[in-house]
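Single-structure report; data block below.
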Amino acid sequence: MTTLQTLLASLVKAALISDDAASLRWREEARRAHAALVADAEAAKSLKIDGIWTRAVGEAESPEFQASEGRVSFGLPVACPFTLADLLDPGFDVDCAVERIAGSASTG
């Protein structure tokens, strides 16, 4: 799994999980992944974001996480709601990103 996939999967998990403490843990994981991604931005520039988004969503919607999800129902966008430039921005706001993902998903 790439750092980008870890970042995106953590954002999706934080958006889907209705438990605030669990969502905060996934947000912290996303912040760590984001810092690692920014630190190696040159390597990340060659990644194909939509394919990684698809894998990240699949990971976040896996059966092991479904029991704790409940904030939104499945129905996340097919295309990543962020550009690679967005994700490589040192000022990327994880909390806003989580809300953006939650808002772009079908509400339950």
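The values are calculated or read from the model by the stated rules, or taken from the named source; none is laboratory data. Just so it is clear, the structure is predicted and the values come from calculations on it, not from any experiment. Cβ: placed from backbone, ideal geometry, glycine included. Neighbour counts: every protein chain shown.
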Among GLU61, GLU29, the single one that is surrounded by fewer than 22 Cβ atoms within 10 Å (Cβ to Cβ) and more than 17 Å from SER104 (Cα to Cα) is GLU29
If the Cβ limit is 7 Å and pairs must be 6+ apart or interchain, which residue in the range 1-18 that is aliphatic (A, V, I, L, M) pairs with which residue that is in a strand (DSSP E or B) and surrounded by fewer than 24 Cβ atoms within 10 Å (Cβ to Cβ)? LEU16/GLU69; ILE17/GLU69
Which residue pairs have Cβ atoms closer than 6 Å, lie 6 or more positions apart in sequence or on different chains, and pair a first residue in the range 46-57 that is farther than 13 Å from THR6 by Cα with a second residue that is modelled with pLDDT under 90 and hydrophobic (A, V, I, L, M, F, W, C)? ASP50/ALA79
When you look at SER68, is it surrounded by fewer than 13 Cβ atoms within 10 Å (Cβ to Cβ) and modelled with pLDDT under 95, yes or no? no
Residue count, the range 15-36 (criterion: part of a helix (DSSP H, G or I) and either of a type outside the set (A, V, I, L, M, F, W, C) or touching a Cys at 6+ places or on another chain (Cβ under 6 Å) (or both)): 9
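Mind listing whichever residues of the range 5-44 are basic (Lys, Arg) and within 19 Å of GLY91 (Cβ to Cβ)?
Correct list: ARG27, ARG31, ARG32.
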Count of the range 17-60 residues which are modelled with pLDDT of 90 or more, under 23 Å from ALA102 (Cβ atoms) and of a type in the set (Val, Ile, Thr): 3
Spot the failing condition for PRO77; the list is (1) modelled with pLDDT under 90; (2) out of contact with any strand residue (DSSP E or B) (no Cβ under 8 Å at 6 or more places or on another chain); (3) not in a loop (DSSP other than H, G, I, E, B); (4) not aliphatic (A, V, I, L, M), and only one is missed. (3)
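Give the residues of the range 1-14 that are of a type outside the set (Ser, Thr, Tyr) and part of a helix (DSSP H, G or I), sorted by residue number.
So in the range 1-14, the residues of a type outside the set (Ser, Thr, Tyr) come out as 1, 4-5, 7-9, 11-14.
Residues satisfying the conditions are LEU4, GLN5, LEU7, LEU8, ALA9, LEU11, VAL12, LYS13, ALA14.
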